[in-house]
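The values are calculated or read from the model by the stated rules, or taken from the named source; none is laboratory data. All figures in this text were calculated on a predicted structure; none of them were measured in a lab. Cβ: placed from backbone, ideal geometry, glycine included. Neighbour counts: every protein chain shown.
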Amino acid sequence: MYFDYVIVGAGVCGITLAERIVTEMKNNVLLIEKKNYIGGKCFDYYDEKGNLKGKYGLHVFYTDLQHVWNYVNCFAQWDTMEQHSSLYKYIGIPIGGYTKMFKNMLNKKVKILLNTNYKETIKDIKYNKLIYTGELDYYFDYKFKPIDYDSYTSFDRYKNYYELTKYEKDVTFLGGLTEYKHFTMDRSIDCTLKLFYKDIFPVDNNCL
């Protein structure tokens, strides 16, 4: 099969490009993703208790641009956070999660290949143009100086705030603290806390 566009990476950028190309240009798209899910760092899922959780933490969407807000509302209803409206005009998270929204963005003109290394398959694909949205290091086969990306590791704690913060004077958080029940309004969930510790990398990106 021939594709007008091949897009490598099914994260936010890749999915948005695929939707725009199909909708505005009426072209077909092949979306290649090395992982077994779409959405990149915004991938979320429901756990065994029915709680919506983000694999890489919770992402709050915000924008001051009316046309951007109109666009994302084409694919999801939003749980807005009016108490923070002084920061941005629109703040919220998609009801049902980002993964559900991304699936709504992809129609039948977008073919998706998951668990696929594009370098191993691209030679067998007939296409017009390729758009790469992945890591630059990988694209150039790590020929140049490595790029230092920010990295976050996470772990879950099923404890209450007091247990986590009674020694607050001895604790420094280098990342974010998320309590999911304040973001998902559609169901009552456990007091699930997720801590994100920012790994320390030397900031030396001269190779860029």
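Of all residues in the stretch 121-155, exactly one satisfies the criterion of being of a type outside the set (S, T, N, Q), surrounded by 13 or more Cβ atoms within 10 Å (Cβ to Cβ), modelled with pLDDT under 90 and in a strand (DSSP E or B), namely Y152.
Which residue out of F75, F102 is out of contact with any Gly (no Cβ under 9 Å at 6 or more places or on another chain) and among the aromatic types (F, W, Y)?
Numbers: F102 fails: out of contact with any Gly (no Cβ under 9 Å at 6 or more places or on another chain).
After ruling out the rest, the residue left standing is F75.
If only one of K123, K109 is touching a strand residue (DSSP E or B) at 6+ places or on another chain (Cβ under 9 Å) and among the charged types (D, E, K, R), which one is it? Walk me through how you get there before you give the answer.
Numbers: K123 fails: touching a strand residue (DSSP E or B) at 6+ places or on another chain (Cβ under 9 Å).
K109 is the lone residue from the list that is touching a strand residue (DSSP E or B) at 6+ places or on another chain (Cβ under 9 Å) and among the charged types (D, E, K, R).
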